[in-house]
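What follows is a short report on a single structure.
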């Protein structure tokens, strides 16, 4: 039967983003991605069917994600592999993960609300091509899509969605 085991959001001795903190989603996404990459570097020869991904969990303060290892508990090879992963989890970030986590955290903290909004509006020009944001029907606000703490990639996705919804407003 398909099963999973939570491995935590970060290595055991590392701090992790707190659900109630500013920039939680962006900071957590960086930590989760870095932890998954680190585990994949450590466990190169996983049997087919064993995957390391993230999973959302509910908490009183909101939704949070943890890294999980997915496997079929009826497959002895997969189950043995999961036991090996559990018994050899890293205590700390490796060099590559540490570089990712700390460089991205610095990047996120530099984007305050005004700078974030200006950057989002600048990027909207690439999505809207010959239109200007203010030339289109006022069906949405960029503020509905962006939040302090977003990574550059998250900002691109949010701006694209905002622009698509703004353009859709022409046809309503």
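Rule-based calculations on the coordinates, nothing more; no lab input. All figures in this text were calculated on a predicted structure; none of them were measured in a lab. Methodologically, a virtual Cβ is constructed for each residue, glycine included, from the backbone with ideal geometry; neighbour enumeration extends over all protein chains shown.
Odds and ends about this structure:
- The angle separating the long axis of helix 113-128 from the principal Cα axis of greatest extent in the chain is about 80 degrees.
- Sorted by Cβ density within 10 Å, fewest first, the residues 40, 25: 40, 25
- Note on residue 98/residue 74: beta-carbon distance plugged into 1/(1 + (r/R0)^6) with R0 of 22 Å gives a FRET efficiency of 0.05.
- Helical contribution to [θ] at 222 nm, DSSP H n ≥ 4, -39,500 (n - 2.57), averaged over the chain, rounded to 500: -15500 deg cm²/dmol
- Förster-model FRET efficiency, 30 Å R0, residue 12 and residue 138, C-beta, rounded to 0.05: 0.05
- The calculated FRET efficiency for the pair residue 53 and residue 114, based on their C-beta separation and a Förster distance of 35 Å, comes to about 0.45.
- The chain - percent relative contact order, Cα under 8 Å, separation 6 or more: 24 percent
- Nearest-ten-degree value, helix 152-168 long axis tilted from longest Cα axis of the chain: 50 degrees
- The chain: most fluctuating residue of 92, 140, 23 per GNM, C-alpha cutoff 10 Å: 140
- Which of 130, 66 has the fewest Cβ neighbours within 10 Å, and the rest in rising order: 130, 66
- Angle between the chain longest axis and helix 76-87 axis [Cα atoms, degrees, rounded to 10]: 80 degrees
- Ordered by the count of other Cβ atoms within 10 Å of each Cβ, fewest first, 64, 117, 71 give 117, 64, 71.
- Residue separation of residue 5 and residue 44 scaled by 0.36 nm, minus their Cα-Cα distance, works out to 12.2 nm of gained length.
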